[in-house]
Every structure is written in structure tokens, then in C-alpha cells.
Amino acid sequence: MSETEIGDGPLPPRWWGVVVGLVAAGCGLAIGELIAGFARSLHSPVVSVGERVRDLAPEWMVDFAKRNFGPETDKLAAIWTIIAVIAITAAIVGIFTVRGHKRLGLGFAAVFGVLGAWAALESAGAGFGSIFPALLAAATAAAVLLFGAYLAEPRVAPVAGPPRQPKGTPPPMVLDRRRFLKDTGMLAAGGLIVVSIGRSMQSRFNSQLERAGVRVPVAKDPLPAPPADPAIDVANKGLSSLFTTNESFYRIDTAFDIPSVSLDSWELKVTGMVDKPLSLTFDQLSSRPLFEQDITISCVSNEVGGDLVGNARWLGCRLDDLLHEAGIHPDADQVLGISVDGFTAGFPVDTLDGRDAMVAIAMNGEALPVAHGFPARIIVPGLYGYVSAVKWLQEIKLTRFDQDEGYWIPRGWAALGPIKTQSRIDTPRSKIVAGTHAIAGVAWAPTRGIGRVEVQVDDGPWMDATLGPALNQLTWRQWWVKWDATSGRHQLRVRATDGAGETQTEERADVAPDGATGWHTIRVTVD
Ligand SMILES: Nc1nc2c(c(=O)[nH]1)N[C@H]1C(S)=C(S)[C@@H](COP(=O)(O)O)O[C@H]1N2
Ligand SMILES: [Mo]
């Protein structure tokens, strides 16, 4: 059917089609958000599609997004890209729809609906009901498209006074611009209201409230209060504090929406190659004997000098106790943590060599923050997070490396991820005035400890830095040296030696596949 055959009247302008397309897509997405607000197990179709895009995206694209947007905003960028793609498609489809190609419009709505439903079904733990947000969104978009097409149809011109045409001539057909704008405007406004209702309904699933109700249990043998923090010394201004606050702790996860866990239904299961599978409620978990430990964790993606590392006092139950209670089969060689959002990370059974690996339920004296894995996560001293530190933990599966692999392993990261010895200069930054300054920072080699840190200015001799308190072998150590900075440009370098006497390598390695190496080197201008 050609466009001119739709009727005798004028064709609606293209921008009417654009408006109809955008309003239809907007109302559809709004209904999707609303339905997602009905149950914890339902999710926003845009978020579900975003997760699938991330799963299927080629490695270079994920890298590009991470590099250009950072580990958090990359998800927002993905969400807005998806919304933009939907909007552009909808605008084009809208033009065709108001010009007579209604089936095309309905076809596109159906395609998006099916895509969204599939994306939702592919989510971790999704049931059949998860398809509804996307399907109802698509149905709404289709209905609004049809209504928009109807609004854009030419109608008989309202006549004032007696008809002038001679009898038998058809009355003139015109586009009712006022009604078109009024009705599409009302739909758009309705869509905005529905979106905000939907979003606020979804927020009631946020675990923030549940977390606020958790009383943090005490450890069987609490650790002594931490020693005085050298970072509060004015001479060390700019040095990282001994403990990283929960608010400033780095965050890495694949979740588009932070998983929200309800304590009523949450259980931690120990499954797989064990004699006796276990299942623990949060109460059962927190009434086990608990211990505290200070542990520095780091991301394998931390560049030399980067800040994807932090130190916290964790509280939890011993992972080895828990797993021995379940009884590990002799042929199991991997402990695989599985999160409620389907993330997985695994490490060798042999890692449980007596080190203080735990299922943590508190961080720096508070219940685990929602963003850091409420209600429980794994912490293994000495391992990068991507092979161990599963947040929003729901299952610990004993398995084999030849049967299961963690999320990042098929994506080009090493199967084993011990943390490499690293040191970082926190201060000075790029520009200072001449005079006495501290060159200060942190160094870490979890499980081996830090034995020595040396600093070099330009081509001068390596100077031994003063070391801050050693909480144990599992945390970073602060270090500092005094420096009489003279005017000009200077190069500062740092290198650490671990507790076993091994100095970190100068050789530069990229973060992939198993962690960056090299001496952190900065250039400072002294005025
Ligand atoms: N569920 C879940 N847990 C996860 C991840 C994730 O993407 N999802 N990322 C891991 C990685 S790569 C790191 S470095 C640590 C980061 O923990 P943090 O965000 O508490 O600093 O969590 C680990 N646990
Ligand atoms: Mo990581």
C-alpha cells in the first residue's frame, strides 16, 4: 500500500510520526517499569536487555566501556544507549505507522517485546513470570502506536455555516493538530507519572531497610582496637587511611541493578561435591562462631598506582569450618561462589590452607553495605576479587576446574588470581611548592606481608621508607619518607618487598590476564 492511498486527506507530517513513535515507546517502557515494581523477582526490561548486551558484548567493547566510563558509569552508559536505540527505532517506526504502515509498527513492538522477554528469562533465577514486564510494555507500545495513528488520520473539517460545496462533493479532510498535540501530550505526561510510580515501587525491594534492621553480632574473640592511624598525622597529609571507609571502598560488579535480597527468603547453600549439602538462613549463619580479620582486597583490574584496592575489618564465619562441616569430596578441586545475580568466582580448594577465608557478614563494624554484597560475601585473603570475593552470595559449590569456571575466566582472565605485590604513591600529587614533603603511600602483598618499601627520587639512591603498623600479613602497610623538594621537575618511584624477601618486579604488565606489575612512577613539578 502506498502512502498516498490511506485516504483522501493530507498526509500527516513526519514529525507527527516521530512524536507517536516516541510516545508509544515511552509509554511502553513506563509500563515495563511499573510491572517490574510489582514483585522482587520482576525486572525492568531495559535493565534485563542491558545485562544480556553485557553478556554478549565482545571483549573489546566491554573494555572500551570500562576504560571510557569507569566501572560504574559504564552500566549507565549502556542503559542510555539502549534507550537511545529504542527511541531512534521508535521514531522511524512511528513515521511509517502514521502514514499507513500499521503492521510494521505492530511488528516492531512485537519484536522488542519478545527480545525483552527473552532477556528477562535469561537472568539469573528468572521464572516464567519474568516475561511480563517486557510483554506488557510491548502491548502498551503497540496500543499507543495504533491510537497515535488514529489521531494522525485526517478527518472531516468542522464546518462553520452551511456547506459551500455543491451536493455530492466529499467534504474536505484536515489534520486535527490541536487534538493530536493534546492527546499525545497527555500520554507522554501519563508515561512520566507511571515511570516514577514504577521506579518508586521497585525501590521498596531495595535491601537498605532490611540492612538497617540487622544487628551486627560480635566475634568470639574480637580483635583489639586498631592502632593509631599514621594518616591522621598532618605530615602525612594525602596518605590513605589505614582502614578504608565503607563509603569510599572501591566497587566492582557486573550488576546493572544492585541485587536486592530479602532476609526472609535468603539462604546460603553449600552444594556440589560434598558429603552433606548445607543450607543456612541468615540467622543461622550469624549465630555460628564468628571471627574478625583485617584483610586488604584488590581488583585484578587495578592499574599500577590505581585505587581499586581497600582495607577493611571483616566479620564472618570461617569458610574452611563451613566446608569441612559439609565434607569436601577428595576429587573436588574448586570452591565456586555463586551470587543471587548469577555472578560466579572460583578458587582452588587448596587455598583453604588455614588462611582466614570467610563468609563475611559485616565490614568495618556495620552489616555489609548493600553495594558490597549484603547480606553475605566471600573474602579470601591473598586472592583478587574476581576469583573469590562473591557479593550477594547464595551458594558455595564444590566442583572441579574442568567442570565449572567463574564468570571472568572465559572472558580472558586467568583461572588463578593470587594478588601480586604492589605499592602506590598517594602523595605528593603532580604539583607542590619547594620545601619538606612526605612521599607516602601504601603497599600490599596479602598473605606474605610487607617487609620493606623503598623510594627513589630521580636517579638518586633507593631510600628505605618508614613503615606504618602491620595489622597482620593480610593487609596493606602505609609507608612514608621525608623529602626536601627542590624546584624543578622530579620523578618519584616506589617498590615494595614482601615478607618473604621478594621485591616486586619492575617489569610492566597489563592488568589482563592476572594483574598489573611494575613500579609506580610519578612526575612532580616543584615550584
Ligand atoms: N556478585 C558479584 N560479586 C562480585 C563481583 C561481581 O561482579 N558480582 N565482582 C568481583 C570483583 S571483580 C571484585 S574486585 C570484588 C569487589 O568487591 P567490592 O565491590 O566490595 O570492592 O567483588 C567481586 N565480587
Ligand atoms: Mo575485580
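The values are calculated or read from the model by the stated rules, or taken from the named source; none is laboratory data. Remember, it's a predicted structure, so these values are computed and weren't measured experimentally. Virtual Cβ from ideal backbone geometry, glycine too; neighbours counted across all protein chains shown. Areas reflect the complete protein model, heavy atoms only, side chains present, ligands, DNA and RNA absent. Shrake-Rupley method; radii C 1.70, N 1.55, O 1.52, S 1.80 Å.
Treating each Cα of region 303-412 as an identical point scatterer and summing with the Debye formula, the log10 of I(q)/I(0) at q = 0.21, 0.22 Å⁻¹ comes to -1.20, -1.30.
Phi angles of region 279-289 translate, via the Karplus equation with coefficients 6.51, -1.76, 1.60 and θ = phi - 60°, into HN-Hα couplings of 8, 10, 7, 5, 4, 5, 5, 7, 9, 5, x Hz per residue; Gly and Pro are given as x. Residue-wise HN-Hα couplings along region 91-102, as the Karplus relation 6.51 cos²θ - 1.76 cosθ + 1.60 with θ = phi - 60° gives them from phi, are 4, 5, 4, x, 4, 5, 5, 6, 9, x, 8, 5 Hz; Gly and Pro carry x. For the chain, carbon and sulfur atoms together expose 59% of the accessible surface, with a 1.4 angstrom probe and every protein chain in place.
Summing +1 for each Lys or Arg and -1 for each Asp or Glu among the other residues whose beta-carbon sits under 15 angstrom from that of residue 449 gives +1.
Might you tell me the accessible area per residue for region 294-393, computed with a 1.4 Å probe and given in Å²?
Working: 2290 Å² over 100 residues.
Here the per-residue accessible area is 23 Å².
In order along region 400-412, the phi-based Karplus estimate (6.51 cos²θ - 1.76 cosθ + 1.60, θ = phi - 60°) of 3J(HN,Hα) comes to 10, 4, 7, 10, 9, 9, x, 3, 7, 5, x, 9, x Hz; Gly and Pro are listed as x. Determine the relative contact order of region 230-411: mean sequence separation of Cα pairs under 8 Å and six or more apart, normalised by residue count, in whole percent. Value for region 230-411: 25 percent. For region 429-527, the list of trypsin sites (Lys or Arg not before Pro) that fall in a loop by DSSP and count at most 16 other C-beta atoms within 10 angstrom reads 429, 508.
Name the shape class, rounded, prolate or oblate, that the alpha-carbon gyration tensor gives for region 230-411, where a ≥ b ≥ c are the square roots of its eigenvalues, rounded holds for a/c under 1.5, and otherwise prolate holds if a/b is larger than b/c and oblate otherwise. Present the calculation step by step, with values, prior to reporting the outcome.
Numbers: a/c = 1.72, a/b = 1.53, b/c = 1.13.
Taking the square roots of the gyration eigenvalues as a ≥ b ≥ c, region 230-411 is prolate.
With the helix formula -39500 (n - 2.57) applied to DSSP H stretches of n ≥ 4, the chain reaches a computed 222 nm mean residue ellipticity of -10000 deg cm²/dmol.
Looking at the chain, the DSSP beta bridges with both ends there are about 90 percent antiparallel. Once you have a ≥ b ≥ c as the square roots of the Cα gyration tensor eigenvalues for region 14-203, tell me rounded if a/c is under 1.5, and otherwise prolate or oblate according to whether a/b is larger than b/c. Taking the square roots of the gyration eigenvalues as a ≥ b ≥ c, region 14-203 is prolate. Per residue, the accessible area of region 422-526 comes to 44 Å², computed with a 1.4 Å probe over protein heavy atoms only.
Can you tell me how region 53-108 classifies by the Cα gyration tensor, rounded, prolate or oblate, using a/c under 1.5 as the rounded cut?
Working: a/c = 4.55, a/b = 2.98, b/c = 1.53.
It is prolate, given that a/c is not under 1.5 and a/b is the larger ratio.
Across region 158-271, C-alpha contacts under 8 Å between residues 6 or more apart give a mean separation that, scaled by the residue count, equals a relative contact order of 26 percent. Three principal axis extents describe the C-alpha atoms of the chain; from largest down they are 105, 67, 41 Å. Partners of residue 397 within straight-line reach, counting lysines whose Cα lies under 18 Å from its Cα and excluding those fewer than 8 residues away in the same chain: 269, 276.
For region 318-373 versus region 439-513, the inter-centroid distance based on Cα atoms is 31 Å.
Sorting 506, 59 by solvent-accessible area of protein heavy atoms yields 506, 59, largest first, with a 1.4 Å probe. Per residue, the average separation of C-alpha pairs within less than 8 Å and at least 6 apart gives the chain a relative contact order of 13 percent.
Close amide H partners of residue 465, meaning residues 5 or more places away or on another chain with modelled amide H under 5 Å apart, are 453, 454, 455.
Net charge of the neighbourhood of residue 318, taken over other residues with C-beta under 15 Å away and scored Lys/Arg +1, Asp/Glu -1, is -3. Among residues other than residue 192 with Cβ under 15 Å from its Cβ, the summed charge is 0 (Lys and Arg +1, Asp and Glu -1).
Over all directions, how big on average is the projection of the convex hull of the alpha-carbon atoms in region 422-526, in square nanometres? Walk me through the numbers before you get to the answer.
Values: hull surface 26.5 nm².
Average of the hull's projected areas for region 422-526 equals 6.6 nm².
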